[in-house]
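Peer 1: Sharing a structure here in structure tokens format.
The values are calculated or read from the model by the stated rules, or taken from the named source; none is laboratory data. Please read all numbers here as calculations on a predicted model, not as lab measurements. Every residue, glycine as well, gets a Cβ built from its backbone with ideal geometry; the counts of neighbours run over all protein chains shown. Side chains are part of the model used for accessible areas, which takes the heavy atoms of the whole protein and leaves out ligands, DNA and RNA. Shrake-Rupley method; radii C 1.70, N 1.55, O 1.52, S 1.80 Å.
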Amino acid sequence: MTPVPPAIAEALHRTIAGGGHVCVVTGAGMSAESGIPTFRGTHDSLWSRFDPMRLATAGAWRDDPALVWGWYRWRMQLVCNARPNAGHAALAGPAQRVPLSLVTQNVDDLHERAGSTVDAHVHGSLSALRCFACGRAHDGALDAYVPDRQRIEPMRCTACGDRIRPGVVWFGEALPDDAWATAVDAATRCALMLVVGTSGLVYPAAGLPALARRHGATVVEINPEPTALSAEVDHVWRATAAQALPPLLG
Ligand code: BV8
Ligand code: ZN
């Protein structure tokens with residue numbers, strides 16, 4: 001098992017001993033060891049020649065809804081076939097022992113399937129399907145997944161007939177007010193923030209570690225690679241989520 005860097009173990013111990021609150025912010029790297037490709041990593045798939053940053057936009061949906069829906073159906077199928085990893089399980093364990101808020105940028109449900117309560121899905125959820133035009137939640141069954149088909153015509157809204165979109169926050173769209181308010185509250189209240197598996201490039205979520213630090217928190221980055229946040233945190237642990245979280249929280 002990976003040894004916990006003493007300064008990080010001490011920061012967690014000090015937080016618990018002081019009755020402090022831990023805020024965990026996770027990104028795509030949290031699900032990497034479950035086989036879910038990250039946004040900026042490489043992956044040998046049907047979609048490897050597409051840029052997620054270009055597909056995850058309302059403009060892409062307007063231009064070619066069947067292409068965007070085919071990408072999301074592929075991602076939904078990946079998540080459906082994936083299992084939470086040891087990092088997800090470690091976060092689900094201590095929630096009772098350590099006052100912990102879980103804020104995720106991820107749109108998968110792997111935290112929930114590991115037993116965590118997610119306090120804020122700041123970029124929405126793959127499974128929260130709704131009408132692109134009238135916003136009504138999709139109340140019907142999910143269309144059957146067609147493997148290796150890139151373009152899949154989206155389902156239709158039973159109320160207005162427009163297309164059904166994924167309930168995620170696309171680039172250029174506002175974050176859900178309640179999720180963002182919860183994330184900001186957790187970041188300002190916490191004594192310790194663990195930032196796990198995020199490149200720290202997407203705002204306003206990438207501003208949460210600096211916000212926590214401005215309010216006196218100790219911020220720890222858990223990531224095998226350097227990121228845009230690395231120079232702004234108190235401690236950097238070059239480890240993966242499944243390597244670091246079990247010894248730290250187990
Ligand atoms: C908005 C859902 C305004 C879709 C996503 C300043 C302030 C505010 C906005 C902006 C700003 N500057 C620019 C903007 C615009 C934009 C933005 O930030 N652009 C960036 C690219 C510069 N932000 C927005 O558009 C946001 N909206 O601001 O709206 C507004 C206000 C009012 C009214 C109207 C509009 C919306 C942003 C949300 C976009 N949606 N996801 C979907 O998933 O399909 S973001 C998407 O990308 C993901 O959800 C995720 O959040 C992000 C990817 O980031 P990461 O999670 O960090 O993943 P990444 O692949 O980058 O990195 C993975 C990391 O894991 C790496 O560091 C790697 O080393 C590490 N790793 C790998 N393996 C492991 C690991 N770590 C641990 N263990 C491992 N095993
Ligand atoms: Zn509708």
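Residues checked against (1) more than 14 Å from ligand 1 (Cβ to nearest atom); (2) in contact with a helix residue (DSSP H, G or I) (Cβ under 6 Å, 6 or more places away or on another chain):
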{"position": "V118", "(1), (2)": "no, yes"}
{"position": "G124", "(1), (2)": "no, no"}
{"position": "H138", "(1), (2)": "yes, no"}
{"position": "P154", "(1), (2)": "yes, yes"}
{"position": "T158", "(1), (2)": "yes, no"}
{"position": "G161", "(1), (2)": "yes, no"}
{"position": "I164", "(1), (2)": "yes, no"}
{"position": "W180", "(1), (2)": "no, no"}
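Peer 1: Out of the residues in segment 104-118 that are free of Cβ contacts under 8 Å to residues at least 60 places away in the same chain, in a loop (DSSP other than H, G, I, E, B) and not small (G, A, S), which is farthest from W170 (Cα to Cα)?
Peer 2: Only one residue fits best here, namely T117.
Peer 1: Before we move on, is P147 surrounded by fewer than 20 Cβ atoms within 10 Å (Cβ to Cβ), closer than 30 Å to Q243 by Cα, more than 16 Å from ligand 2 (Cβ to nearest atom) and modelled with pLDDT under 95?
Peer 2: No; evaluated as a whole, the condition is false for this residue.
Peer 1: Of everything in segment 206-236, what is crowded, with 22+ Cβ neighbours inside 10 Å, in contact (Cβ under 8 Å) with a residue 60 or more places away in the chain and either more than 10 Å from ligand 1 (Cβ to nearest atom) or closer than 10 Å to M193 by Cβ (or both)? Give them in sequence order.
Peer 2: Hits for segment 206-236 are L208, P209, A212, A217, T218, V220.
Peer 1: Only helices (runs of 4 or more DSSP H) wholly contained in segment 1-76 count here; list those with 2 or more residues that are over 24 Å from P247 (Cα atoms).
Peer 2: Result: 52-55, 58-63.
Peer 1: Residues in segment 74-90: is at least one open to solvent by less than 70 Å² (accessible area, probe 1.4 Å), of a type outside the set (V, I, T) and away from ligand 1 (no atom under 16 Å from the Cβ)?
Peer 2: So far as segment 74-90 goes, no, none of its residues is open to solvent by less than 70 Å² (accessible area, probe 1.4 Å), of a type outside the set (V, I, T) and away from ligand 1 (no atom under 16 Å from the Cβ).
Peer 1: Give A159, A191, A120, A181 a once-over and let me know the one that is more than 15 Å from the chain's Cα centre (by Cα), aliphatic (A, V, I, L, M), buried (at least 20 other Cβ atoms within 10 Å of the Cβ) and more than 23 Å from W74 (Cα to Cα).
Peer 2: Details: A159 fails: buried (at least 20 other Cβ atoms within 10 Å of the Cβ); A120 fails: more than 15 Å from the chain's Cα centre (by Cα); A181 fails: buried (at least 20 other Cβ atoms within 10 Å of the Cβ).
A191 is the lone residue from the list that is more than 15 Å from the chain's Cα centre (by Cα), aliphatic (A, V, I, L, M), buried (at least 20 other Cβ atoms within 10 Å of the Cβ) and more than 23 Å from W74 (Cα to Cα).
Peer 1: A further question on this structure: Does Y203 satisfy the condition of being surrounded by fewer than 21 Cβ atoms within 10 Å (Cβ to Cβ), part of a loop (DSSP other than H, G, I, E, B) and near ligand 1 (Cβ under 7 Å from one of its atoms)?
Peer 2: yes
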